[in-house]
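Structure, as structure tokens:
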Amino acid sequence: MVPADPGGGVMRADLLLESVEGLDEALAAVDAFDRVMVAGLLRPQPAQAAGLTELAHAVAGTPLSARVSEAAEKAAGGVAGDDHFVALAAARTALLGSVHDALSARVAEATGRSRDEYAAPAATGGEQAANLRAAARSWLCDLARSGWRGLDHDVVSGSAHVVSAMLPDPALRRLATLLDGFAAELAASCPGASLEHFPLRRWADLWSRAMLLTLPGAADARPAGTVTGRLLPLGVDLQEHDTAAQVQVHAVFEPADGSAARLVRAGVSVPKPDTIVGAGIWQLLRPHMSLLAAAGEGRSMDLAGMPVTAGGDLLWSDEHANPGEPAGAFTTARVSLPTATDTATAPLDRHPARIAVPVFLEGYAVEKDDEKVVFTVAGRSLAVDTDRIPVAGPLTPEAVAASGACIGLLRWDAGTFRVQPLAVETTVRNKAVAVHAGGWAGGTTDKAGAKAEKAATDAVAVLRERAGRLLRT
């Protein structure tokens, strides 16, 4: 885990395996609340009252203490209102935020990199579409009262008209997309009374996040300023759902004024039909971001006045970017990454599942057992999350297992740190070769990738023809 150049840093893998003080207690309080959500809060039982009390005790001594204590008491009595449910969601989110902060501090200690401080942008003024936010909040409160065991299609379908009204408004689209996906997942699980097991943490995460996004200003992604300089892509993280796809490019940004380099992200999300799979996803994403071509081809981008949020997310606009010189991701990882400043985290993004810190590893041994891959670094085992490798690229678990260097995202999942590979260096026919998860982002001549691209082109053409026919009738 030592970069090849003498000026690089050393990552302390041993620190990632040590326990974090207070983490288990915070997660236990979160779990207690999550169990409360199974039976719902329409007619709470003593066990649910105990879970609510545990949540309230966990935030005692914080600014949330009084409001959460009142909310827990009202909820235990079955008389909680919208504001009380918001307070409970805030308490749960704050606890997971504390877990995020503790784990992020451990990662910073292990990598030796400094981290930006979050500076919230100025408020933009009045609240818009308050009625739609209130309607969304009301539906979420109904979910909390019914509980996961009380789910039925009548309860779940209550979100449909709210989502339909929100989607046309860009300011509400983040909340609308979350509600739409959440409702679809719940609908697929109806009736709740027939389920033996519930995804407690996941559903409570979605519920509490959606609840807080109904508050004024919570869903805003306002720019905190603009940046000018050189962007050096490290890797591409692609996430796919039946009806949507999202890509994030992780990169090192070198400001034109010579100040310290920093880590940034640039992302785009698009809706997609479920018939578009594999490498065909890139056809939907490319038109929205020229950076994908640069990342796929190993080039830098020159930015001029690109808007950026306080959390380090570039609000990508092609008019503020031009193709730059060739810049290999592994050169960037060895030379620039060790001294770059890590990205600050926006308040609502403080969740352990959102930890995704770029790291560079080399000099490790690889153990492969069935479908599991483990990197052994200085005698310490670090799990590799090969399940996150997208099929829409040339990177495979086999390439990871045969690698000698890796650019990845350090994540925390199921109580341990894991590495999600974004790119690896491996040997093919006695020659060092770099294989990237986003290698097909800008196009490909690879047979498998080209075949998937052609299939996607045909599918899109058929869908457009059908849509045109519907519009003409």
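The values are calculated or read from the model by the stated rules, or taken from the named source; none is laboratory data. The structure displayed is predicted, hence computed values, not measured ones. As a convention, Cβ positions derive from the backbone with ideal geometry for all residues, glycine included, and neighbour counts pool all protein chains shown.
Some values worked out for this structure:
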quantity	calculated
Pairs where the first residue, in the stretch 228-244, is basic (Lys, Arg) and the second is surrounded by 24 or more Cβ atoms within 10 Å (Cβ to Cβ), C-beta under 8 Å, 6+ apart	ARG230/PHE253; ARG230/MET301; ARG230/LEU303
Qualifying residue in the stretch 188-195 (condition: over 20 Å from ASP242 (Cβ atoms), in a helix (DSSP H, G or I) and among the aliphatic types (A, V, I, L, M))	yes
Residue within the stretch 308-321 that is over 20 Å from THR343 (Cβ atoms) and crowded, with 21+ Cβ neighbours inside 10 Å present	no
Check on VAL247, without any contact (Cβ under 8 Å) to a residue 60 or more places away in the chain, within 21 Å of ALA176 (Cα to Cα), β-branched (Val, Ile, Thr) and in a strand (DSSP E or B)	no
Residue within the stretch 192-202 that is in contact with a Leu (Cβ under 7 Å, 6 or more places away or on another chain) and either farther than 25 Å from TYR118 by Cβ or not acidic (Asp, Glu) (or both) present	yes
The stretch 249-260: number of residues that are of a type in the set (A, V, I, L, M, F, W, C) and buried (at least 19 other Cβ atoms within 10 Å of the Cβ)	4
Number of positions in the stretch 382-414 that are under 19 Å from the mean Cα position of the chain (by Cα) and outside any strand (DSSP E or B)	9
Enumeration of residues in the stretch 286-313 that are among the small types (Gly, Ala, Ser) and at negative phi	SER290, ALA293, ALA294, ALA295, GLY296, SER300, ALA304, ALA310, GLY311
For ALA144: the one exception among (1) closer than 27 Å to VAL163 by Cβ; (2) in contact with a Ser or Thr (Cβ under 9 Å, 6 or more places away or on another chain); (3) in a helix (DSSP H, G or I)	(2)
Count of the stretch 272-307 residues which are part of a loop (DSSP other than H, G, I, E, B) and surrounded by 19 or more Cβ atoms within 10 Å (Cβ to Cβ)	3
Meets criteria (under 26 Å from ARG418 (Cβ atoms), under 29 Å from the mean Cα position of the chain (by Cα), part of a helix (DSSP H, G or I) and modelled with pLDDT of 95 or more) for LEU96	yes
Hits in the stretch 43-58 - residues which are more than 21 Å from LEU96 (Cα to Cα) and of a type in the set (D, E, K, R)	ARG43
Boolean, GLU21 is out of contact with any Phe, Trp or Tyr (no Cβ under 6 Å at 6 or more places or on another chain) and part of a helix (DSSP H, G or I)	no
Residues being touching a Gly at 6+ places or on another chain (Cβ under 7 Å), within 27 Å of GLY296 (Cβ to Cβ) and in a loop (DSSP other than H, G, I, E, B) - total across the stretch 324-372	3
Residue ID - modelled with the highest pLDDT, chosen from residues in the stretch 164-216 that are in contact with a helix residue (DSSP H, G or I) (Cβ under 8 Å, 6 or more places away or on another chain) and among the polar types (S, T, N, Q)	SER208
Residues of the stretch 354-377 classified as surrounded by 14 or more Cβ atoms within 10 Å (Cβ to Cβ) and in contact (Cβ under 8 Å) with a residue 60 or more places away in the chain, total	11
Identity of the residue in the stretch 391-407, of a type outside the set (A, V, I, L, M, F, W, C) and in contact with a helix residue (DSSP H, G or I) (Cβ under 9 Å, 6 or more places away or on another chain), that ends up farthest from HIS351 (Cα to Cα)	PRO394
The stretch 75-85, residues that are among the hydrophobic types (A, V, I, L, M, F, W, C) and either surrounded by fewer than 23 Cβ atoms within 10 Å (Cβ to Cβ) or at pLDDT below 95 (or both)	ALA76, VAL79
Test: LEU232 is crowded, with 22+ Cβ neighbours inside 10 Å and at pLDDT 95 or above	yes
Every residue from the stretch 35-53 that is more than 30 Å from the chain's Cα centre (by Cα), at pLDDT 95 or above, closer than 14 Å to ALA80 by Cα and of a type in the set (A, V, I, L, M, F, W, C)	ALA49
Sole residue being modelled with pLDDT of 95 or more, within 30 Å of LEU143 (Cβ to Cβ) and loosely packed, with under 13 Cβ neighbours inside 10 Å, chosen from ALA60, ALA32, ALA56, ALA72	ALA60
For PRO273: the one exception among (1) farther than 19 Å from THR177 by Cα; (2) over 21 Å from the mean Cα position of the chain (by Cα)	(1)
Filter result for ARG209 (basic (Lys, Arg), surrounded by 15 or more Cβ atoms within 10 Å (Cβ to Cβ), touching a residue at least 40 places away in the same chain (Cβ under 8 Å) and assigned to a helix (DSSP H, G or I))	yes
Count of the stretch 415-438 residues which are within 21 Å of the chain's Cα centre (by Cα) and of a type outside the set (Phe, Trp, Tyr)	11
